[in-house]
Structure formats: C-alpha cells, structure tokens
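Structure record follows, encoded as structure tokens.
The values are calculated or read from the model by the stated rules, or taken from the named source; none is laboratory data. Because the structure is a prediction, the values reported are computed rather than measured. Glycine gets a Cβ as well: all are built from the backbone with ideal geometry, and neighbour counts include every protein chain shown.
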Amino acid sequence: MVCWAMPRRATVVTVNAEERRVLEEWAASRTEPYRKVQRARTILLAAEGKDSTAIAPEVDLSRRMVGLWRRRFAEAGLDGLADLPRSGRPRVYSDSERLRVIETACTATPPGETHWSVRRLATATGIGKNTVHRILQENRLKPHRVGTFSQSPDPNFVAKVIDVVGLYTNPPENAVVLCVDEKTQVQALDRTQPMLPMRPDQIERQTHDYKRHGTVQLYAALEIHAGRVTPRIEERHRSREFIAFMKQVARAYPKGKIHVILDNVSTHRSDEVQTWHAQRRNRRIVFHFIPTYSSWLNLVEVLFSLVQTKVIRRGTFPSKEDLTTKLLAYIKRFNDEKRPFYWTKAAADIVRSYNSRTRH
C-alpha cells in the first residue's frame, strides 16, 4: 500500500489598508535594509493571490523562505516581519550607526575625491571595513559605479513623443514616413601598416596609429516601414547641404505627403531652410521634430549604429572616395535586404518610464 503525502497549502495572506500602506512604503524604500524590502514585496505579492513558487524568483528568495514570511505575517502582522533575537554574539553597531553609513555614502564625498571606497567610508564613519562592505551590499549601494542619464527640457516633450510614435505605429494612409539625420564628420582613417588577418588563436590586428584623409557627412532618410534608405554624401554640414538632400528625397518620392522625423539641430531650423520649406511645392513635406536630447526617438540612429559597427569602426580608408564607396555599398546591401523597422513601445509607456527614470 502506497501513501501519498498531501502537499502543504500556502498560507492565505490578507492585508488591511494600513498594512498595505506600510508594506508599499517598505517595498519602494531605498534606505531600508534589502531583507526588509524583500519581505514587504513577498507579502504584497502573496496578498495578490500568487503562490510561493511564483513569488520566490520575483523577490530573490527560496520558496521555503517565502512560505516562512507568509506564515509569520499571518500570525503576527507587520511585527512578524521583524528579525527574531538571535543567539550568539550581540550586534556591535546599532541601527543608527548603520543608517549613518548609508547617509554618508549617499549624501557626501571624501575630501578631494569623487566617490567613496569601502576603506575610506569605514574611516570616515568609524565603523569596521567588513561591516561597511556588508551594509553597502545589503542596501545595494555601489559608490564605485556611476551611470548617465539625459532628461529632456523640452516643454512639449509629451506631445512630440505622441506625434512621432503615432507616425511609427499608425502611419497616415498614402503617405511616406522618413527618419532623417546626418552622421557628421565621418573620418577616412588609413592604418600606417597593413592589417594582420585573423588566424587560429589570433584575432585580427591593426596598428594603433593611423593617417587622416579628411571627413565626409553622411545624410540618410530611412523609410522605416519599407526598410529603404535614401543616402547622400556631402563635404560639409550646412543648411544648403540639408536643403539639397531634401530635394533629393522629394525626387525619390514624387507623389503624396512626406512626413519627416528629424532632430532640432540648427541646420534643420535655419531661416534658409524655413524659406525653402515655405515654397508651395515643398508643403507636402511635413517636418516632425523630436524632443531635444531625445535622439533615441529617431530610428535612423539605428542605421547609423549599424554603419559605425559594420563599416567605420574597423574599416581602413585610403581616401575619402574609398570611404564614400564603402558607405554607399553598405547602404545598397541594406536596401536590398528590405528589412522594415517596427516600433513596439507605446507613447504612454515611454512617458511613464521617462518620468521615473532617475528613480529620485
């Protein structure tokens, strides 16, 4: 006779309004210990009806620990999420001293330096180096690292995002949507010695020094829904070159409206360009300017990234003519593949993400 053990049912978790407020505050905190954040998130997810198996990977705990905190909360509420007294050596540093480490790491810098090291922070706070290291790890603080962000000051940011994303996801009928920009100062660099080819156990190698043979400007109009590029190479980057390129684009698309997505560089907004654009034959071209400091919104930047990676970065160009030939050859291959571009993120999601990007 075989007996099967009945699986243990997960403890049902319910939270009242006040408990939910406190738990949400803990879960979003940047100063509470990480273990406290984990426990708060565990209870909030359990209150949504999720089982321990589903919760465990979301909060980075084992299923057994998720079950433990569910039971502790069901029995004692918020008090059940606190650490129980432990046997053994008592804590050397109090909570206030630990908070002082966190506050110092987040709000100050060592004299004459830009960021804290563990040793320098330990000396400044009078707390042991190992303890400081543990406090930083528990609170996911990384003073040795730095990131970047860019916040657009454009007062019409939301309206422009909605406009541009609408052209990507729901383009007008009988119209063409083009992403236009220039990749300026593309250098024709030639290595001082021939490149050494790749061999087994040996990567391709090139000399670190080079010869300069001048620069060119690559203009491109990407028709995203067709995967087609209209290119132009110019010697200079001025309004007259931009106008010449737009005339070329108009000839490439002789009928219907042309919606052009472009950035706010001065050569796109000059009086010379506005005078040309105001002419009756050019009114079928509609300019849609992206928000300032938002080049990621212009899909032609994806094309320029491909050009940089596949043609320029490892290329050797003995002349500007050779550089031009190789740039246009790559764009021809790109056009032959006819790979359309698809924008997948909704405008509302972009605005929501952008507003919370700095997490401050």
Ile43 buried (at least 20 other Cβ atoms within 10 Å of the Cβ) and either within 20 Å of Arg98 (Cβ to Cβ) or free of Cβ contacts under 8 Å to residues at least 24 places away in the same chain (or both): no
Lone unmet requirement of (1) over 18 Å from Val265 (Cα atoms); (2) out of contact with any strand residue (DSSP E or B) (no Cβ under 9 Å at 6 or more places or on another chain); (3) at pLDDT 90 or above for Ala226: (2)
Residue, surrounded by the most Cβ atoms within 10 Å (Cβ to Cβ), within region 325-337, restricted to residues that are over 11 Å from Val311 (Cα atoms) and in contact with a strand residue (DSSP E or B) (Cβ under 7 Å, 6 or more places away or on another chain): Phe334
Selected residue [of a type in the set (Asp, Glu), within 29 Å of the chain's Cα centre (by Cα) and in a helix (DSSP H, G or I)] from Asp181, Asp154, Asp163: Asp163
Residues satisfying the stated conditions in region 272-312, i.e. closer than 14 Å to Val229 by Cβ, among the hydrophobic types (A, V, I, L, M, F, W, C) and surrounded by 15 or more Cβ atoms within 10 Å (Cβ to Cβ): Leu299, Val300, Leu303, Phe304, Val307, Val311
Restricting region 248-271 to residues that are among the aliphatic types (A, V, I, L, M) and in contact with a Phe, Trp or Tyr (Cβ under 7 Å, 6 or more places away or on another chain), the residue that is surrounded by the fewest Cβ atoms within 10 Å (Cβ to Cβ): Val260
Some residue of region 194-216 being in the same structural domain as Arg314 (by TED's automatic domain parsing), within 30 Å of Thr169 (Cβ to Cβ) and in contact with a helix residue (DSSP H, G or I) (Cβ under 8 Å, 6 or more places away or on another chain): no
Considering residues of region 196-244 that are more than 31 Å from the chain's Cα centre (by Cα) and polar (S, T, N, Q) only, the residue surrounded by the fewest Cβ atoms within 10 Å (Cβ to Cβ): Gln202
Condition broken by Thr123, with the remaining ones in (1) free of Cβ contacts under 8 Å to residues at least 40 places away in the same chain; (2) under 21 Å from Val22 (Cβ atoms); (3) assigned to a helix (DSSP H, G or I) satisfied: (2)
Filtered residues of region 26-66 (kept if part of a helix (DSSP H, G or I), closer than 18 Å to Arg134 by Cα and either of a type in the set (D, E, K, R) or at pLDDT below 90 (or both)): Tyr34, Arg35, Lys36
Ser150, sole failed condition from (1) small (Gly, Ala, Ser); (2) free of Cβ contacts under 8 Å to residues at least 12 places away in the same chain; (3) within 30 Å of Thr344 (Cα to Cα): (2)
Among residues of region 125-140, those that are surrounded by fewer than 18 Cβ atoms within 10 Å (Cβ to Cβ) and hydrophobic (A, V, I, L, M, F, W, C), counted: 0
Residue satisfying all of: in region 78-98; loosely packed, with under 15 Cβ neighbours inside 10 Å and not in a loop (DSSP other than H, G, I, E, B); modelled with the highest pLDDT among these: Asp79
